[in-house]
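Can you read through this structure? Questions will come right after.
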Amino acid sequence: MLTIAGTVTVARTEYQRRFDDANAELKTEAFFLSDHASRLFEVAEVALSGASVLVHGLSWDEIAGSDALHRQLSGLVEGIPHIEDVWLNDQDGELRATSFAFPAPKSNATDRENFKAARMPVDELFIGPRIVGKVTHRPTFLLSKRMENADHSLRGMASVTAGIDYFSNYWGGLALPYDARVTLSRVPTNEVLAQIPDTGLAQPAGLASRLVDLPRDGSFSGGEAGDERFGSFRRVGSYPIFLSVDVSKGAVTEGWRGWLFGMLPLPGFAIILLALLTVLAIRDARREQAARRSLARANDELTAEMQRRERAEDQVRQLQKIEAIGQLTGGIAHDFNNMLAVIVGSLNLIERRLQRGDTDVGRHVAAAQEGAQRAAALTQRLLAFARKQPLSPRVLDPGQFVTSMSEMLQRTLTEAIEIRAAIGPDLWTTHADPAQLENALLNLAVNARDAMPDGGRLIIETANADLSDADAAQRASVPMGDYVTIAVTDTGTGMSADVVKRVFEPFFTTKGVGKGSGLGLSQVYGFVRQSGGHVRIDSEPGVGTSVRIYLPRYAGSDAAAGQRRLSSREAVPVARPSEVVLLVEDEAEVRRLSLESLQELGYTVVAVDRASAALDIVASEQRIDILVTDIVMPGMNGRQLADKARVLRPNLKVLYMTGYTRDAVAQGGFLGPDIRLIGKPFTIEQLAAGIRAALDEDDPR
């Protein structure tokens, strides 16, 4: 009796344990197989994005007539596994380009389910039903995505077909439990995309009712008596696709019966128990080995899939970089050509008038100078955006600076705009280039004026910002620390979130043709970032815009905060008697113009074209009051020349010239306190002021 009772107890326990193990194993298989399935949909989205990038900026007629585009689409398909075809339909549903034929065959998709979905203003991946390819005769399914114009209207539709064998080949190589069936279904239609073994592409009984609320995962059971099945399901990524794995209760029961019939003939409970433990150990070991092999294969497949996807994404990113470079160079060329047209045209008119003895050329000279100044300003804006513009930082009192700026802006802007300055108490000082800060605030004020065509209020506010707390720094989107903030707020038209995301891009502008270069805010961004600060924009359509500049607090002495800036209306400083300039410039035309400018200012000039010749003069008895040198020259740069010259003449004054190079500025983009520099191109007034300031430094006269 004890033997029978023990046998019954062990048999019942084993029966329940087999079903519990089956449920756990089905849940694990559903998890790993759904993750594997999601790779195909992600790769399909990469292919669709790649196709959209390839046709960006092209009209549909250009797309339809481009054999090069056909080859690019074919290359995209070849480079992305399991994607068989790519094609593009225009906004009317007409097929315009494919990867499998050129020119594209005549076809219209307006009555098809995927094109109807593309007409809806929703950026979602459409997954179609299972179909059989007309060329390959292999089962596939369709994936489509809406293509939009800049105003979010329908531009067309991009589609790909993905091979079902991606699933069947992988599933067929797995060691699945019992009579396991794997099914891939799409909701809400409950159509079966892939199934192994194929049972007529029928969705498992009891599964449809469990998918109504789109749960993340779960279990199900169903079927008629004698053919009941149970299993687990899991959603594939965020797509309307579910993967399920189910087995029949009969298969699990049959396995238990086989175990039981093998156990009964054994004599005694001890032998039964020993056999049971042995069977369990062997089964568990085999399952563990099978699971390890399955996991290893799955890991290898996922790793290879990730590498292929990364290569495809790299292709897309490279195409986007090329597009961005094209936009940038096009904008630069457009603006420079306009400026060169003014310069060249003015010089031609000057030449023709002088040839016939007419000396009334003042306005043409002024026009040429204005064109050259605009070209120089454009290069400075580009350098500011790239954060490579040489700066001359000074200790500034932001309250005094904004007060003086607001007075100037009141005279500059229209009377319909009320300008108000709100100066915070006990302001800290900051360390920045006053000319560039003035230019940044002027750009912001002009943008605010353009946003208020009917007038409004412009507020320039200064305040201290203690962002030492991590939460405060995160809300302001800047690193922790102490900052001085300057906020320019208007009551204008405001901007949408999409426009705010692009305002710092070079040549991006919402103004009409000829009303803005699109470099104003990019220059502000470059200057502030180069100064160690940050810029934040808050805007709401119909309410207004606030641009807040964060500049780091200056921790040194405040003595230099009130330093006076030179006025452009002051007299041009000229040479004092017998002052000698050693000029070093390797470019012949620049050297000639600099020589004549210095002579015009009354200086005695010794000009050479290389650093070695300059050192020979420094080593001689020749009087030299100041060394004026270019920075980048063959053999020895200007900084090296100055260092060697000061070994021979320790008190020698030095002024550097540059059109900007990385060697001209210290690390981080700032000039050292012992360096004086003027940027090319420069006016004779700027050259005179630079030399006079260098010569008079520490000079009691």
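The values are calculated or read from the model by the stated rules, or taken from the named source; none is laboratory data. No experiment lies behind these values; they were computed from the predicted model shown. When we count neighbours, we look across all protein chains shown, and the Cβ atoms used for this are built from the backbone with ideal geometry, even at glycine.
Condition check: of a type in the set (A, V, I, L, M, F, W, C), closer than 20 Å to Leu521 by Cβ and under 34 Å from the mean Cα position of the chain (by Cα). Does Leu444 satisfy that? It would help to see each step written out before you state the result.
On the way: of a type in the set (A, V, I, L, M, F, W, C): yes; closer than 20 Å to Leu521 by Cβ: yes; under 34 Å from the mean Cα position of the chain (by Cα): yes.
Spelling it out, Leu444 is indeed of a type in the set (A, V, I, L, M, F, W, C), closer than 20 Å to Leu521 by Cβ and under 34 Å from the mean Cα position of the chain (by Cα).
Related question: In the set Gly50, Gly57, which member is within 25 Å of the chain's Cα centre (by Cα) and not in a helix (DSSP H, G or I)?
Details: Gly50 fails: not in a helix (DSSP H, G or I).
Every option except Gly57 fails the conditions.
Does Arg130 qualify as being outside the structural domain of Ala202 (by TED's automatic domain parsing), free of Cβ contacts under 8 Å to residues at least 40 places away in the same chain and more than 27 Å from the chain's Cα centre (by Cα)?
The answer is no for Arg130.
For residues in the range 495-504 being surrounded by 17 or more Cβ atoms within 10 Å (Cβ to Cβ) and either in contact with a Phe, Trp or Tyr (Cβ under 7 Å, 6 or more places away or on another chain) or more than 18 Å from Leu441 (Cα to Cα) (or both), which is modelled with the lowest pLDDT? Write out each step before concluding.
As a first pass, look at the range 495-504 and keep what is surrounded by 17 or more Cβ atoms within 10 Å (Cβ to Cβ): 495, 503-504.
Among the residues that remain, those that are also either in contact with a Phe, Trp or Tyr (Cβ under 7 Å, 6 or more places away or on another chain) or more than 18 Å from Leu441 (Cα to Cα) (or both) are: 495, 504.
Values: Met495: 90, Phe504: 76.
So, considering only residues that are surrounded by 17 or more Cβ atoms within 10 Å (Cβ to Cβ) and either in contact with a Phe, Trp or Tyr (Cβ under 7 Å, 6 or more places away or on another chain) or more than 18 Å from Leu441 (Cα to Cα) (or both), the one modelled with the lowest pLDDT is Phe504.
Tyr550 - would you say it is modelled with pLDDT of 85 or more and in contact with a Gly (Cβ under 8 Å, 6 or more places away or on another chain)? Give the steps one after another, and end with the answer.
Details: modelled with pLDDT of 85 or more: yes; in contact with a Gly (Cβ under 8 Å, 6 or more places away or on another chain): yes.
It is true that Tyr550 is modelled with pLDDT of 85 or more and in contact with a Gly (Cβ under 8 Å, 6 or more places away or on another chain).
Run Gly237 past the list (1) part of a loop (DSSP other than H, G, I, E, B); (2) touching a residue at least 60 places away in the same chain (Cβ under 8 Å); (3) in contact with a strand residue (DSSP E or B) (Cβ under 8 Å, 6 or more places away or on another chain) and report the number of the one that doesn't hold.
(3)
Same structure, new question: Count, please, the residues in the range 505-545 that happen to be at pLDDT below 80 and of a type in the set (Ser, Thr, Tyr).
4
Any residue at all in the range 568-577 that's touching a Ser or Thr at 6+ places or on another chain (Cβ under 6 Å) and modelled with pLDDT of 75 or more?
The first filter runs over the range 568-577 and keeps only residues touching a Ser or Thr at 6+ places or on another chain (Cβ under 6 Å), leaving none.
So far as the range 568-577 goes, no, none of its residues is touching a Ser or Thr at 6+ places or on another chain (Cβ under 6 Å) and modelled with pLDDT of 75 or more.
Now a separate question. On the basis of being at pLDDT 85 or above, outside the structural domain of Leu54 (by TED's automatic domain parsing), of a type outside the set (A, V, I, L, M, F, W, C) and in contact with a Gly (Cβ under 8 Å, 6 or more places away or on another chain), does Glu228 make the cut? Write out each step before concluding.
Working: at pLDDT 85 or above: yes; outside the structural domain of Leu54 (by TED's automatic domain parsing): yes; of a type outside the set (A, V, I, L, M, F, W, C): yes; in contact with a Gly (Cβ under 8 Å, 6 or more places away or on another chain): yes.
Criteria met by Glu228.
Ok, one more. Being buried (at least 19 other Cβ atoms within 10 Å of the Cβ), at pLDDT 90 or above and closer than 17 Å to Glu148 by Cβ is the requirement here; does Leu95 meet it? Steps first, please.
Values: buried (at least 19 other Cβ atoms within 10 Å of the Cβ): yes; at pLDDT 90 or above: yes; closer than 17 Å to Glu148 by Cβ: no.
The answer is no for Leu95.
Ok, one more. Can you name the residue in the range 359-371 that is under 44 Å from the mean Cα position of the chain (by Cα) and small (Gly, Ala, Ser) and, of all such residues, is modelled with the lowest pLDDT?
If we take residues in the range 359-371 being under 44 Å from the mean Cα position of the chain (by Cα) and small (Gly, Ala, Ser), then Gly371 is modelled with the lowest pLDDT.
For the range 292-301, what are the residues that are of a type in the set (A, V, I, L, M, F, W, C) and touching a residue at least 24 places away in the same chain (Cβ under 8 Å)?
Taking the range 292-301 first, the residues of a type in the set (A, V, I, L, M, F, W, C) are 295-296, 298.
Across the range 292-301, the qualifying residues are Leu295, Ala298.
Ok, one more. Answer with yes or no whether Ala64 is touching a Pro at 6+ places or on another chain (Cβ under 7 Å) and not hydroxyl-bearing (Ser, Thr, Tyr).
Numbers: touching a Pro at 6+ places or on another chain (Cβ under 7 Å): yes; not hydroxyl-bearing (Ser, Thr, Tyr): yes.
Judged against the criteria, Ala64 is a match.
Determine whether Arg18 is surrounded by 14 or more Cβ atoms within 10 Å (Cβ to Cβ), more than 23 Å from Ile131 (Cβ to Cβ) and among the basic types (Lys, Arg). Let's see the steps before the verdict.
Numbers: surrounded by 14 or more Cβ atoms within 10 Å (Cβ to Cβ): yes; more than 23 Å from Ile131 (Cβ to Cβ): yes; among the basic types (Lys, Arg): yes.
Yes: the conditions hold for Arg18.
Tell me, please, whether a residue that is hydrophobic (A, V, I, L, M, F, W, C), assigned to a helix (DSSP H, G or I) and touching a Phe, Trp or Tyr at 6+ places or on another chain (Cβ under 8 Å) can be found in the range 61-72. Before the answer, list the steps.
Filtering the range 61-72 down to residues hydrophobic (A, V, I, L, M, F, W, C) leaves 63-64, 68-69.
Then drop every residue that is not assigned to a helix (DSSP H, G or I), which leaves 63-64, 68-69.
Among the residues that remain, those that are also touching a Phe, Trp or Tyr at 6+ places or on another chain (Cβ under 8 Å) are: none.
No, the range 61-72 has no match at all.
Name the single residue, out of those in the range 520-543 being among the hydrophobic types (A, V, I, L, M, F, W, C) and either part of a strand (DSSP E or B) or free of Cβ contacts under 8 Å to residues at least 12 places away in the same chain (or both), that is farthest from Tyr483 (Cα to Cα). Spell out the reasoning first.
Here is the first cut: in the range 520-543, the residues among the hydrophobic types (A, V, I, L, M, F, W, C) are 521, 524, 527-528, 535, 537, 543.
Filter again for either part of a strand (DSSP E or B) or free of Cβ contacts under 8 Å to residues at least 12 places away in the same chain (or both), leaving 535, 537.
Numbers: Val535: 12, Ile537: 16 Å.
Only one residue fits best here, namely Ile537.
Yes/no matrix, rows are residues, columns are (1) surrounded by fewer than 14 Cβ atoms within 10 Å (Cβ to Cβ); (2) acidic (Asp, Glu); (3) more than 30 Å from Asp92 (Cβ to Cβ):
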residue	(1), (2), (3)
Ser159	no, no, no
Tyr166	no, no, yes
Leu201	no, no, yes
Asp213	yes, yes, yes
Ser221	no, no, yes
Phe230	no, no, yes
Phe242	no, no, yes
Ser248	no, no, yes
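Any residue in the range 612-629 that's over 20 Å from Ser578 (Cβ atoms): show its pairings with residues that are of a type in the set (Asp, Glu) and surrounded by 12 or more Cβ atoms within 10 Å (Cβ to Cβ) at Cβ separation under 9 Å, as long as the two are six or more apart or on different chains.
What qualifies is Thr629/Glu585.
So, one more: For the range 598-611, give me each residue that is part of a helix (DSSP H, G or I), surrounded by 15 or more Cβ atoms within 10 Å (Cβ to Cβ) and without any contact (Cβ under 8 Å) to a residue 40 or more places away in the chain. Spell out the reasoning first.
Quick first cut of the range 598-611, residues part of a helix (DSSP H, G or I) only: 598-600, 611.
Next cut, surrounded by 15 or more Cβ atoms within 10 Å (Cβ to Cβ) only: 598, 611.
Listed by number, the list holds a single entry, Ala611.
Only one of Phe102, Phe115 is in contact (Cβ under 8 Å) with a residue 40 or more places away in the chain and either part of a loop (DSSP other than H, G, I, E, B) or among the aromatic types (Phe, Trp, Tyr) (or both). Can you tell me which?
After ruling out the rest, the residue left standing is Phe115.
Yes/no matrix, rows are residues, columns are (1) in contact with a Pro (Cβ under 8 Å, 6 or more places away or on another chain); (2) at pLDDT 85 or above:
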residue: Arg352; (1), (2): no, no
residue: Gly357; (1), (2): no, yes
residue: Gln373; (1), (2): no, no
residue: Ala376; (1), (2): yes, no
residue: Leu391; (1), (2): no, no
residue: Asp397; (1), (2): no, yes
residue: Gln400; (1), (2): no, yes
residue: Gln410; (1), (2): no, no
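Of the conditions (1) more than 30 Å from Ala64 (Cα to Cα); (2) more than 40 Å from the chain's Cα centre (by Cα); (3) not small (Gly, Ala, Ser), Asn190 satisfies every one except a single condition; which number is it?
(2)
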